[in-house]
1. Report the full-extension gain for the segment Val175 to Ala18: residue separation times 0.36 nm, less the Cα-Cα distance, to one decimal in nm.
2. So how far apart, in nm, are the two label points at Glu145 and Ala51 if each is 7 Å from Cα heading toward Cβ?
3. Can you give the helix-only mean residue ellipticity at 222 nm for the chain, where every DSSP H stretch with n ≥ 4 adds -39500 (n - 2.57) and the sum goes over all residues, rounded to the nearest 500 deg cm²/dmol?
4. Give the order of Ser125, Ser67, Ser30, Ser49 when sorted by the count of other beta carbons within 10 angstrom, beginning with the fewest.
5. For the pair Ile132 and Ser101, how long in nm is the line joining their label points, each one 7 Å along Cα→Cβ?
6. Modelled label-to-label distance, Lys7 and Val93, 7 Å Cα→beta-carbon offset: nm?
7. Take the alpha-carbon centre of the stretch 53-81, take the same for the stretch 8-29, and report the distance between them in whole Å.
8. Take Arg2, Arg172 and order them by how many other Cβ atoms sit within 10 Å, fewest up front.
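Every read-out reported here was derived from the displayed coordinates using simple, explicitly stated rules and does not represent laboratory data. These numbers come from a predicted model, not from an experiment. We place every Cβ from the backbone using ideal geometry, glycine too, and count neighbours over all the protein chains shown.
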Amino acid sequence: MRQAVEKFGGVDGALNAAGVFAFGLALDLSEQAFRHSLDVNVTGSLLFSRAAAKAMRPGGRIVHLASVSSFVANPKYVAYATAKAALTQLVRVLAREWAPSGITVNAIGPAMMETQMIAPYLADSAFRAAAISVIPMGRLATPEELIGTALLLLSPAGGFITGQTIYVDGGRTLV
């Protein structure tokens with residue numbers, strides 16, 4: 001961000017897509033895996049947000065990728081769901097704190113989609129079938145389907161939206 005400030009005089013928008021996925025039953029998942037999920041998905045998001053806010057011009061926009069897992073309770077998602085739920089609350093708190101300075105903070109909560117992070121799990125046909133079975137549209141999301149929401153939240157058109165998690169989920173949060 002320092003380079004953006006030096007080159008452009010500030011940051012207008014920042015999108016955080018960093019995340020990790022830990023999968024396992026609560027009784028079996030290691031404490032280390034749980035903490036790593038919180039460190040990357042929550043603490044990393046806080047640090048990203050602070051760096052972005054310090055570099056932002058008035059009217060700046062911060063967007064995080066959350067997950068439908070912040071809203072629905074899936075077995076074996078204890079670390080990921082807890083971290084993404086914490087991220088959605090972090091978004092709300094930062095939005096309240098930074099709204100007076102004109103900075104908006106929001107999140108996009110996609111359903112499961114084809115990404116490198118989740119590819120090893122989706123290679124298991126039973127895992128893939130289970131993931132698709134709870135999405136009313138009957139398919140996984142694609143990363144391209146997040147673009148419209150990201151553009152809205154990063155643009156002047158989204159200037160009065162703050163503290164929100166918008167679910168792009170094929171109806172997953174309806175189940």
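1. Extra length from Val175 to Ala18 when fully extended: 53.9 nm.
2. Label-label distance for Glu145 and Ala51, simple model: 3.1 nm.
3. -11500 deg cm²/dmol
4. The fewest-first ordering by Cβ neighbours comes to Ser125, Ser30, Ser49, Ser67.
5. Taking the two extended label points, one gets 4.6 nm.
6. Distance between the two pseudo-spin positions: 3.3 nm.
7. 7
8. By the 10 Å Cβ count, ascending, the order reads Arg2, Arg172.
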